[in-house]
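Encoded as structure tokens, the structure appears first; notes follow it.
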Amino acid sequence: MAQLIDGKQISAQVLADVARDVEILKAYNGVIPALAVILVGEDPASQVYVRNKIKRAAEVGIISIEHRLEAGTSQITLNTLIEELNQDSSVHGILVQLPLPDHLSEEEIISSINPKKDVDGFHPLNVGALASGRSVQVPCTPQGCMIMLQQIHKDLSGKFAVVIGRSNIVGKPMAALLLLANCTVTIAHSRTRDIENLCRQADIVIAAVGRAKMVKANWIKPGATVIDVGINAVDEDGKRKLCGDVDFEAVELIAGAITPVPGGVGPMTIACLLLNTLNAAKRLTA
Ligand code: GUN
């Protein structure tokens, strides 16, 4: 039976460290880290994520300023808001919750954020820095996955990692971080041939595709570490439940260590967002 990687417990430790450092920053520099969170439209999942981010921010003493804009908001209005937040020295982090409504260009909006305030690490300058081995503002979900992996593997060097999913938010930065940690990395995606066999070679499997229970027990090498980034809402016995991209009940019998959904990657993402906000505040006010 696999060891459960408890994201709630590990994130509580990260959050405790952030809370302590927020206090120190306040006491010595009179600075309180502040995060602006922009949510455009009514996407139900995004509303839940944003609510959780704001709640946790308050718990560690970080100020959050929520900007809720209607779904029809224009690109110019959003760019103007971001420019104001870029100029505002009391704001240290800016997060635009994705996905945005179709009429808005995510690329243009992300590029308009001051890279130093880009706590998601999505700005092209930060993407490029990570790709060339300088990890300053690192995307929150992959960063959270790395912290969990480091709890299981003291040294990741030489491990074979398969990342399933090639999104800009998770798959690609995840692969970059694993490479920085000296793993051998393959990114698998919807066009990958014989994905089962490929995964079966892996010491580490990161599932980030958004397809409920896609990763089966016979895809996993006995003893491998499995990180499940998926959060899928499914109907089971007439009830709505959250489940990951991994067939958890079957895979936990084969894997050496596995993250649950919920209670795995999710809480780590939020903890890393607040860690990034703290670090942005430190750098901007040093
Ligand atoms: N949507 C899904 N994940 C994320 C994330 O990490 N950051 C932002 N801004 N939007 C998201």
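What to note about this one:
- Residue match in region 134-147 (condition: basic (Lys, Arg), under 19 Å from the mean Cα position of the chain (by Cα) and away from the ligand (no atom under 16 Å from the Cβ)): yes
- Single residue of region 43-77 satisfying the filter (acidic (Asp, Glu) and over 22 Å from Val22 (Cβ atoms)) that is farthest from the ligand (Cβ to nearest atom): Glu70
- Across region 154-166, the number of residues qualifying as surrounded by 17 or more Cβ atoms within 10 Å (Cβ to Cβ) and in a loop (DSSP other than H, G, I, E, B) comes to 4.
- Selection from region 152-171 of residues that are within 16 Å of the ligand (Cβ to nearest atom) and either at positive phi or at pLDDT below 95 (or both): Gly165
- Any hit, region 188-198, residues being surrounded by 17 or more Cβ atoms within 10 Å (Cβ to Cβ) and either within 16 Å of the ligand (Cβ to nearest atom) or not in a strand (DSSP E or B) (or both): yes
- Residue within region 203-213 that is within 16 Å of the ligand (Cβ to nearest atom) and not in a loop (DSSP other than H, G, I, E, B) present: yes
- Matching option when the condition is on the phi < 0 side of the Ramachandran plot and not in a helix (DSSP H, G or I), among Leu104, Leu149, Leu125, Leu78: Leu104
- For region 60-87, a residue qualifies if it is over 19 Å from the mean Cα position of the chain (by Cα), within 30 Å of Gly30 (Cβ to Cβ) and in contact (Cβ under 8 Å) with a residue 40 or more places away in the chain, and the qualifying residues are Gly61, Leu81, Ile82, Leu85.
- Comparison of Val18, Val91, Val40 shows that the only residue that is within 15 Å of the ligand (Cβ to nearest atom), closer than 29 Å to Ala176 by Cβ and either modelled with pLDDT under 95 or surrounded by 19 or more Cβ atoms within 10 Å (Cβ to Cβ) (or both) is Val40.
- Restricting region 249-269 to residues that are surrounded by 22 or more Cβ atoms within 10 Å (Cβ to Cβ) and assigned to a helix (DSSP H, G or I), the residue that is farthest from the ligand (Cβ to nearest atom): Val251
- Qualifying positions in region 136-146 - in contact with a strand residue (DSSP E or B) (Cβ under 7 Å, 6 or more places away or on another chain) and outside any loop (DSSP other than H, G, I, E, B): Cys145
- Restricting attention to region 215-232, the residues that are out of contact with any helix residue (DSSP H, G or I) (no Cβ under 7 Å at 6 or more places or on another chain) and either in contact (Cβ under 8 Å) with a residue 40 or more places away in the chain or surrounded by 19 or more Cβ atoms within 10 Å (Cβ to Cβ) (or both) total 2.
- Take the conditions (1) under 14 Å from Thr277 (Cα atoms); (2) more than 17 Å from the chain's Cα centre (by Cα); (3) of a type in the set (Gly, Ala, Ser); Gly93 misses just one of them, which is (2).
- Of the criteria (1) touching a helix residue (DSSP H, G or I) at 6+ places or on another chain (Cβ under 6 Å); (2) away from the ligand (no atom under 13 Å from the Cβ); (3) of a type outside the set (Asp, Glu), which one Thr80 fails: (1)
- Checked against (1) closer than 24 Å to Thr269 by Cα; (2) hydrophobic (A, V, I, L, M, F, W, C); (3) buried (at least 21 other Cβ atoms within 10 Å of the Cβ), Leu78 passes all but a single condition, namely (1).
The values are calculated or read from the model by the stated rules, or taken from the named source; none is laboratory data. Because the structure is a prediction, the values reported are computed rather than measured. Positions of Cβ are backbone-derived with ideal geometry, glycine not excepted, and every protein chain shown enters the neighbour counts.
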